[in-house]
Amino acid sequence: MEISAYFPIWDRLTKQQQEKLSDSAVRRDIEKGTVLHNGSMDCLGLLLVCSGQLRACIYSEEGREITIYRLFERDICLFSASCMMRSIQFEVTIEAEKATQLWIIPAQVYQEVMAESAPLANYTNEIMASRFSDVMWLIEQVLWKSFDKRLAAFLLEEAAIEGTSRLKITHEMIANHLGSAREVVTRMLRYFQSEGMVRLSRGTVEIMDPEQLTSLCEN
């Protein structure tokens with residue numbers, strides 16, 4: 001996938017600006033589990049996802065974590081270039097959930113072009129606003145939605161992403177995504193199993209009644 005495909009405002013950039021972004025971009029293949037950015041690393045740059053799946057999460061001082069959003073094909077990750085955004089006061093970790101191919105545009109290059117191009121600056125602000133909307137949605141879920149509904153919604157979302165009702169995922173991994181304790185996840189999954197919504201086995205959660213999970217989310 002070419003760099004231009006990620007920017008709907010590409011034709012509004014000058015030829016020199018287009019070449020500057022394209023020539024600076026580096027293609028990388030990332031193995032599953034690789035941490036690309038953890039907030040304390042050097043400013044990596046803008047990540048443009050060609051294929052695969054990235055996860056953005058934050059950690060508490062106690063070591064708890066929660067997924068704030070995921071990135072898929074054609075998505076752009078700005079938080080990996082956080083040095084461009086001095087006002088951001090929290091650290092975001094970016095890791096590869098699957099083997100991923102991506103382009104990396106150095107933060108300095110992108111910042112230079114953005115300073116010259118109002119369309120690129122506006123588009124970047126739109127992306128940032130969208131990401132903060134994701135974070136605010138997550139905060140609302142954590143504060144106001146009961147855990148059974150959040151877990152049901154997560155299982156359905158995971159099934160949609162993976163294209164299967166048989167999820168190879170541990171209770172610990174689910175807890176990390178939802179910012180909860182493993183014991184809480186285990187208790188709720190066992191309740192779901194007793195109600196016939198899921199079937200549990202080692203390292204696997206199989207969705208048996210997606211309609212009931214959906215109904216739980218909506219109630």
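Determine whether THR67 is assigned by TED's automatic domain parsing to the domain that holds GLN18 and in contact with a His (Cβ under 6 Å, 6 or more places away or on another chain). In short, yes.
Given the options LEU151, LEU155, LEU120, name the one that is buried (at least 18 other Cβ atoms within 10 Å of the Cβ), touching a residue at least 24 places away in the same chain (Cβ under 8 Å), assigned to a helix (DSSP H, G or I) and assigned by TED's automatic domain parsing to the domain that holds VAL49.
Details: LEU151 fails: assigned by TED's automatic domain parsing to the domain that holds VAL49; LEU155 fails: assigned by TED's automatic domain parsing to the domain that holds VAL49.
Answer to the selection: LEU120.
If the condition is being more than 19 Å from GLU97 (Cα to Cα) and aromatic (Phe, Trp, Tyr), then the range 147-173 contributes only PHE147. Across the range 203-214, a minimum of one residue is classified as outside any loop (DSSP other than H, G, I, E, B) and over 24 Å from the mean Cα position of the chain (by Cα).
The condition (being free of Cβ contacts under 8 Å to residues at least 24 places away in the same chain, surrounded by 13 or more Cβ atoms within 10 Å (Cβ to Cβ) and β-branched (Val, Ile, Thr)) is satisfied by just one residue among THR186, THR204: THR186. Which of the residues that make up the range 9-66 are of a type in the set (Ser, Thr, Tyr), in a strand (DSSP E or B) and at pLDDT 90 or above? Correct list: SER51 only.
The values are calculated or read from the model by the stated rules, or taken from the named source; none is laboratory data. If you're wondering where the values come from, they're calculated on a predicted model, not measured in any experiment. Note that we place each Cβ from the backbone using ideal geometry, even for glycine, and neighbour counts take in every protein chain shown.
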